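Engineer: Below is a structure I'd like to ask you about.
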Amino acid sequence: MYPHAAPMDQGFSIPSQFLNEPLVANVAMQYGQALVGSGKQLVDRELEKYVPISRLKYYFAVDTGYVSKKLGLLFFPFTHSVSLVTCCNESFVS
């Protein structure tokens, strides 16, 4: 339609050319790391107001054996034997 118009491909290849430059890639990486670090600090600070992390650590302190046992139950439920306590009406232990 417009013979003198530039093709649209040129606009999309410019950002990839910038990221191929080591200086630009290095600056972008440092900026991203700084942004993530400050975001993590903000989330930690705001979360600590409402839920103390020390209390959460108490509830989530489990060992590897416990986790492997629960994963085994999750992935292989048919191998779990359920032991039910049965009692008869005549012999209640007080």
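Engineer: Please go through the range 42-52 and pick out each residue that is assigned to a helix (DSSP H, G or I), at pLDDT below 85 and surrounded by 10 or more Cβ atoms within 10 Å (Cβ to Cβ).
Structural biologist: Hits for the range 42-52 are ASP44, LEU47, GLU48.
Engineer: Can you run down the residue pairs with Cβ atoms below 8 Å, 6 or more apart or on separate chains, where the first is in the range 64-80 and among the β-branched types (Val, Ile, Thr) and part of a helix (DSSP H, G or I) and the partner is surrounded by 10 or more Cβ atoms within 10 Å (Cβ to Cβ) and modelled with pLDDT of 90 or more?
Structural biologist: THR79/GLY72
Engineer: Within the range 23-43, how many residues turn out to be of a type in the set (A, V, I, L, M, F, W, C) and closer than 25 Å to ILE53 by Cβ?
Structural biologist: Total satisfying the criteria: 5.
Engineer: Taking the conditions exactly as written (at pLDDT 85 or above and either touching a Pro at 6+ places or on another chain (Cβ under 9 Å) or loosely packed, with under 10 Cβ neighbours inside 10 Å (or both)), does PHE92 satisfy them or not?
Structural biologist: No; evaluated as a whole, the condition is false for this residue.
Engineer: Then there is this: Contact list please: Cβ distance under 9 Å, first residue in the range 25-41 and surrounded by 10 or more Cβ atoms within 10 Å (Cβ to Cβ), second residue modelled with pLDDT of 90 or more and assigned to a helix (DSSP H, G or I), pairs at least six apart or on different chains.
Structural biologist: Here the result reads none, with nothing in the range 25-41 linked to a residue that is modelled with pLDDT of 90 or more and assigned to a helix (DSSP H, G or I).
Engineer: Of the residues that make up the range 14-26, is at least one modelled with pLDDT of 85 or more and under 27 Å from the mean Cα position of the chain (by Cα)?
Structural biologist: Scanning the range 14-26 turns up at least one residue that is modelled with pLDDT of 85 or more and under 27 Å from the mean Cα position of the chain (by Cα).
The values are calculated or read from the model by the stated rules, or taken from the named source; none is laboratory data. Note that this is a predicted model, so its numbers are computed, not measured. Quick reminder, even Gly has a Cβ in these numbers, built from the backbone with ideal geometry, and neighbours come from all protein chains shown.
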